[in-house]
Amino acid sequence: MSATASGTWKLGDLTVNRLGFGSMRLPQNGEAFADRASSDRDRSMGVLRRAVELGVNHIDTAAFYFSPLRSANELINSALSPYSDDLVITTKVGPGRDPSGAFVWATPEQLRGQVEENLRQLGRDHLDVVNLRLASSQATSSVADHFGALAELREAGLIRHLGISNTTPEQLAEARSIAPVVCVQNAYGIGSPPEDHAFLRYCGEQGIAFVPFFAIAGAGREEGARGSSHNGTVIEVARGHGATPAQVRLAWTLHQGLHVLAIPGTGNPDHLVENVAAGALRLTDEDLALLTR
């Protein structure tokens, strides 16, 4: 079992296996992002090392992924540094969190500080991919000033490639008029509305990676997946393959296009193994029709 079974895609000039790993849940003691209790440090680092052993070479993170005692970036640095040449670490800027955990949003002038914070925590001299993460309230806002600030940091050599997250087709077009965009990170999964499917297909036509978040959690979002979030059809398909509902959700996501990457996150070693195995799960046309319907 290896993440290589999921196939590969390029983020700019960086080749990654399509089944990656999201670090959002690593700092918490539990699967929900809102959990305030800190995770076991050795266990979290063990999950990261095991992910790499299983062929994961695309890890998604952010400086605002932290609990009172743990930081996702620091865990990644401690567990995986010195980094292998083929490991691609993507991060995101825009949001920040104060010590109480409340979110604050950066001005264009503050983005350099967030980029430097990621560099420092990860122990890197440049960042492979930086996504501009937008707030849901910014869905109709211009991204020119913020994305332009990141484009300047890319020109300065602090960033290799740029992406955009929680975005719209209009904002993507505006960003691409400023600098190349290698990926779009949006919430997406079984049950997403038609306009989300259309956006995913458009990204594929443009050669842009589409990187869903909450592909497993669905409506549970930051709180994580719950048993009730898996509908009867997902459970039925899972039984037919001897798989878990979470594996079916991941496999369905990867079946949506060769440009689609998955970044499931967990602090549970057993769930990690299950998630990576989903990269080899091949759904039938009948399965896909049932799940899409």
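Odds and ends about this structure:
- Candidates Ala238, Ala243, Ala219 - the one that is farther than 20 Å from Val47 by Cβ, touching a Ser or Thr at 6+ places or on another chain (Cβ under 7 Å) and modelled with pLDDT of 95 or more: Ala238
- Residues considered: Val184, Val129. Of these, the only one that is of a type in the set (A, V, I, L, M), buried (at least 22 other Cβ atoms within 10 Å of the Cβ) and closer than 30 Å to Pro82 by Cβ is Val129.
- Flag for Leu132 being in contact with a Phe, Trp or Tyr (Cβ under 9 Å, 6 or more places away or on another chain) and either among the polar types (S, T, N, Q) or under 15 Å from Glu152 (Cβ atoms) (or both): yes
- Taking the criterion of being hydroxyl-bearing (Ser, Thr, Tyr), out of contact with any Gly (no Cβ under 8 Å at 6 or more places or on another chain) and within 16 Å of Leu127 (Cβ to Cβ), the residues of the stretch 72-102 that qualify are Tyr83, Thr91.
- Residue match in the stretch 253-260 (condition: surrounded by fewer than 15 Cβ atoms within 10 Å (Cβ to Cβ) and either touching a residue at least 12 places away in the same chain (Cβ under 8 Å) or more than 18 Å from His58 (Cβ to Cβ) (or both)): yes
- Checking Ala149, Ala198, Ala173, Ala179 one by one, the residue that is of a type outside the set (Phe, Trp, Tyr), part of a helix (DSSP H, G or I) and in contact with an Asp or Glu (Cβ under 9 Å, 6 or more places away or on another chain) is Ala149 and no other.
- Close pairs from the stretch 176-205: first more than 14 Å from Val130 (Cα to Cα) and aliphatic (A, V, I, L, M), partner modelled with pLDDT of 95 or more and not in a loop (DSSP other than H, G, I, E, B), Cβ under 6 Å, at least 6 apart: Ile178/Phe147; Ile178/Gly148; Ile178/Ala151; Ile190/Arg249; Ile190/Trp252; Leu200/Phe210
- Candidates Ala63, Ala51: the one that is crowded, with 21+ Cβ neighbours inside 10 Å, hydrophobic (A, V, I, L, M, F, W, C) and more than 30 Å from Ala156 (Cβ to Cβ) is Ala51.
- With respect to being surrounded by 15 or more Cβ atoms within 10 Å (Cβ to Cβ) and closer than 24 Å to Ala102 by Cα, Ala72 fits the description.
- For His230, the test of being surrounded by fewer than 21 Cβ atoms within 10 Å (Cβ to Cβ), of a type outside the set (Asp, Glu) and at pLDDT below 95 is passed.
- Scanning the stretch 90-105 for residues that are within 16 Å of Phe66 (Cβ to Cβ) and hydrophobic (A, V, I, L, M, F, W, C) returns Val93, Ala102, Phe103, Val104.
- Scanning the stretch 98-125 for residues that are hydrophobic (A, V, I, L, M, F, W, C) and in a helix (DSSP H, G or I), we see that the one that is surrounded by the most Cβ atoms within 10 Å (Cβ to Cβ) is Val115.
- Helices (runs of 4 or more DSSP H) lying entirely in the stretch 244-293 (those with 1 or more residues that are at negative phi and of a type in the set (Ser, Thr, Tyr)): 245-254, 285-292
The values are calculated or read from the model by the stated rules, or taken from the named source; none is laboratory data. Here the structure is a predicted model, which means the values were calculated and not measured. Heads up, the Cβs are rebuilt from the backbone with ideal geometry, glycines too, and the neighbour counts pull from every protein chain shown.
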